[in-house]
Amino acid sequence: MASNVEAPERWYLALLGFAEHFRTSSPPKIRLCVHCLQAVFQFKPPQRIEARTHLQLGSVLYHHTKNSELARSHLEKAWFISQQVPQFEDVKFEAASILSELFCQQNLVDSAKPLLRKAIQISQQTPYWHCRLLFQLAQLHTLEKDLVSACDLLGVGAEYARVVGSEYTRALFLLSKGMLLLMERKLGEVHPLLTLCGTIVENWQGNPIQKESLRVFFLVLQVTHYLDAGQVKSVKPCLKQLQQCIQTISTLHDDEILPSNPADLFHWLPKEHMCVLVYLVTVMHSMQAGYLEKAQKYTDKALMQLEKLKMLDCSPILSTFQVILLEHIIMCRLVTGHKATALQEISQVCQLCQQSPRLFTNHAAQLHTLLGLYCISVNCMDNAEAQFTTALRLTTHQELWTYIVTNLASVYIREGNRHQEVSEVITGLLSFFQGRYNEAKRFLRETLKMSNAEDLNRLTACSLVLLGHIFYVLGNHRESNNMVVPAMQLASKIPDMSVQLWSSALLKDLNKALGNTMDAHEAAQMHQNFSQQLLQDHIAACSLPEHNLISWTDGPPPVQIQAQNGPTTSLASLL
């Protein structure tokens, strides 16, 4: 007969084996798994087994059921009992970690914070858990938009990692802090921090995949920093390094050997997620540089990869990547004259936001801005104004605010009687529309100088066609031609349908004025072709049921969109 010491182990291992069998069945049999774990308590187990079983039950209920109250009860018992058991760190801190996640899910952030702080305080002798809990609390502060507290915690984590001899995790903490400093626009602190990170990353010798993932993190921050500043030309060497780095990672095999330092047991992102992220920053660069066909190509690749990943992985970051990619491709479609497709993709963003309140909170302003841009493209100026006004109400982001105000100003200008409201907003365009051509030329030449310096092709094309129009109105046909011809070439390369339409109209009038009958006829034919394409796309877009989204300005995205009878907007401004 077995001794009393062995008996509990046997029944416990048997019940645990059954529970795991049911949990990993296909499909999982969660109810039976829970029954097996609950049966453990019938044997009045010792504290270690009791605490671990409460943790296992809490974890299974949290991850696989909607019974959050029962999950919370088990996790609280696991956290309470494990604190009375010596050398029981894994159960103790995992219970604290999952319980704080559950609190956040229930919007009980004020319960999660003290729990994490207590766990951080008592975990200093356990490097892995101390670092993990610091990351978790920093993430919680970030979600609450308290970036100062999050940065402070990441700084504490970086110093702790240095003390325990983990340069790898120190780099992770510092790069995470750098990301938040970029979000806060604290550029004076970003530069020295990124320089330090670059040195740490290059000097660290360890697992090749971990090293390359650090380099990807570092280069992503550098690339986004350049793009935030509009430095599309200057960023090219960094972007090339980033693309080479992700190719290197894709050829490396995951090393099963665990790091000797427990503080190194972290990964920034899975390889597959990093691939999508690199596609995303490449799309951002292509958009800013005006290579829209290239942006569409990389967006298609990234969205295809995301669809595959989402079949197996429900990580929220994948939906975030998907929304950001769609936001970029929608702007592409509007520029290239594919409004109907853009509208359907705006509807896709609405559907993704319906599935995640947090995603909607973070992207509502961008969504209304895109609807505003669509409204301008189909000449629904009242709706455009309403969309931009809604977007302004929903954003605190300085750059997005400026972008929205600038577009709202263009709506006011096109309405013809709102000049006073925008006199301080967009001086070059305003001078142009008010006929102050010499002043407009000065502003546009400055724009042209800036856009040429950084290869901002769309800005260059728009500036050239505006200058071409001014010279034409002033009677300087030769100078006008010198502006309009390169504008047309650049617009065709992008391709930018609106600039092509405007350029072809100018070329038609210019050649007629210069007596070039054949060239005037060719330009007129081009103009007619562009007009027809835009007209057909306009009718297709306004006939879609999704067109009714232009009336939505309050609350979450509408679930169902009713069809309407054909287009209701004027086409005059397009032609």
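At a glance:
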{"quantity": "Close pairs (8 angstrom Cβ cut-off, 6 or more residues apart or separate chains): free of Cβ contacts under 8 Å to residues at least 24 places away in the same chain in segment 293-312, open to solvent by 50 Å² or more (accessible area, probe 1.4 Å) anywhere", "calculated": "Tyr298/Tyr279; Lys301/Tyr279"}
{"quantity": "Single residue of segment 303-327 satisfying the filter (part of a helix (DSSP H, G or I) and charged (D, E, K, R)) that is surrounded by the most Cβ atoms within 10 Å (Cβ to Cβ)", "calculated": "Glu327"}
{"quantity": "Which listed residue is small (Gly, Ala, Ser), touching a residue at least 24 places away in the same chain (Cβ under 8 Å) and surrounded by fewer than 16 Cβ atoms within 10 Å (Cβ to Cβ), from Ser250, Ser260", "calculated": "Ser250"}
{"quantity": "Cross-chain or 6+ apart pairs with Cβ under 6 Å, segment 500-525 first and among the charged types (D, E, K, R), then surrounded by fewer than 22 Cβ atoms within 10 Å (Cβ to Cβ) and assigned to a helix (DSSP H, G or I)", "calculated": "Lys508/Ala520; Lys508/Ala524; Lys508/His527; Lys512/Ala520; Asp519/Asn511"}
{"quantity": "Residue that is touching a residue at least 24 places away in the same chain (Cβ under 8 Å), surrounded by fewer than 23 Cβ atoms within 10 Å (Cβ to Cβ), more than 19 Å from Ile330 (Cα to Cα) and not hydrophobic (A, V, I, L, M, F, W, C), where the choices are Gln355, Gln351", "calculated": "Gln355"}
{"quantity": "Looking only at segment 53-88, and only at residues there that are under 15 Å from Leu108 (Cβ atoms) and free of Cβ contacts under 8 Å to residues at least 40 places away in the same chain, the one that is most open to solvent (accessible area, probe 1.4 Å)", "calculated": "Glu69"}
{"quantity": "Residues of segment 495-529 that turn out to be of a type in the set (A, V, I, L, M, F, W, C) and open to solvent by less than 30 Å² (accessible area, probe 1.4 Å), as a count", "calculated": "9"}
{"quantity": "From the options Ala19, Ala71, Ala39, residue that is over 42 Å from the mean Cα position of the chain (by Cα), farther than 24 Å from Cys131 by Cα and assigned to a helix (DSSP H, G or I)", "calculated": "Ala39"}
{"quantity": "Residues satisfying the stated conditions in segment 145-186, i.e. over 18 Å from Gln125 (Cα atoms), open to solvent by less than 80 Å² (accessible area, probe 1.4 Å) and among the acidic types (Asp, Glu)", "calculated": "Asp146, Glu184"}
{"quantity": "Cβ pairs under 8 Å, 6+ apart, first in segment 328-340 and free of Cβ contacts under 8 Å to residues at least 40 places away in the same chain, second open to solvent by less than 10 Å² (accessible area, probe 1.4 Å) and hydrophobic (A, V, I, L, M, F, W, C)", "calculated": "Arg333/Ala342"}
{"quantity": "Single residue of Pro557, Pro567 found to be modelled with pLDDT under 90 and open to solvent by less than 40 Å² (accessible area, probe 1.4 Å)", "calculated": "Pro557"}
{"quantity": "Test: residue in segment 231-244 that is without any contact (Cβ under 8 Å) to a residue 40 or more places away in the chain, part of a helix (DSSP H, G or I) and hydrophobic (A, V, I, L, M, F, W, C)", "calculated": "yes"}
{"quantity": "Pair list, Cβ < 6 Å and 6+ apart or interchain, from segment 167-191 residues that are β-branched (Val, Ile, Thr) to residues that are surrounded by fewer than 20 Cβ atoms within 10 Å (Cβ to Cβ)", "calculated": "Thr169/Phe266; Val190/Leu182"}
{"quantity": "Per-region count, segment 104-147, residues without any contact (Cβ under 8 Å) to a residue 24 or more places away in the chain and outside any loop (DSSP other than H, G, I, E, B)", "calculated": "9"}
{"quantity": "Matching residues, segment 357-395, being among the polar types (S, T, N, Q), under 16 Å from the mean Cα position of the chain (by Cα) and modelled with pLDDT under 95", "calculated": "Thr361, Asn362, Thr395"}
{"quantity": "Residue within segment 469-485 that is open to solvent by less than 20 Å² (accessible area, probe 1.4 Å), modelled with pLDDT under 90 and in contact with a Gly (Cβ under 8 Å, 6 or more places away or on another chain) present", "calculated": "no"}
{"quantity": "Exclusive hit being open to solvent by 10 Å² or more (accessible area, probe 1.4 Å), more than 17 Å from the chain's Cα centre (by Cα) and closer than 26 Å to Leu219 by Cα, set Tyr279, Tyr291", "calculated": "Tyr291"}
{"quantity": "Answer from Glu202, Glu189, Glu159 - the residue that is farther than 25 Å from Ile317 by Cα, outside any loop (DSSP other than H, G, I, E, B) and modelled with pLDDT of 95 or more", "calculated": "Glu159"}
{"quantity": "Test: Val91 is within 19 Å of Tyr62 (Cβ to Cβ) and either open to solvent by 10 Å² or more (accessible area, probe 1.4 Å) or free of Cβ contacts under 8 Å to residues at least 60 places away in the same chain (or both)", "calculated": "yes"}
{"quantity": "Test for Glu345: is it open to solvent by 10 Å² or more (accessible area, probe 1.4 Å), over 14 Å from the mean Cα position of the chain (by Cα), at pLDDT 95 or above and charged (D, E, K, R)", "calculated": "yes"}
{"quantity": "Residue within segment 454-461 that is open to solvent by 20 Å² or more (accessible area, probe 1.4 Å), in a helix (DSSP H, G or I) and among the acidic types (Asp, Glu) present", "calculated": "no"}
{"quantity": "Checklist (1) modelled with pLDDT of 90 or more; (2) under 39 Å from the mean Cα position of the chain (by Cα); (3) not in a loop (DSSP other than H, G, I, E, B) applied to Asp509, failing item", "calculated": "(2)"}
{"quantity": "Ser213 being of a type in the set (Ser, Thr, Tyr), open to solvent by less than 20 Å² (accessible area, probe 1.4 Å) and out of contact with any Asp or Glu (no Cβ under 9 Å at 6 or more places or on another chain)", "calculated": "yes"}
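Residue-wise test of (1) under 19 Å from Leu154 (Cα atoms); (2) at pLDDT 95 or above; (3) not acidic (Asp, Glu).
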position	(1), (2), (3)
Trp79	no, no, yes
Glu89	no, no, no
Gln105	no, no, yes
Leu116	yes, yes, yes
Ala119	yes, yes, yes
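The values are calculated or read from the model by the stated rules, or taken from the named source; none is laboratory data. Values in this document were obtained by computation on a predicted structure and should not be read as measured data. Don't worry about glycine lacking a Cβ; one is built from the backbone with ideal geometry, like all the others, and counts go over all protein chains shown. Just so you know, the surface numbers come from the protein's heavy atoms only, side chains and all, with ligands and any DNA or RNA stripped out. Shrake-Rupley method; radii C 1.70, N 1.55, O 1.52, S 1.80 Å.
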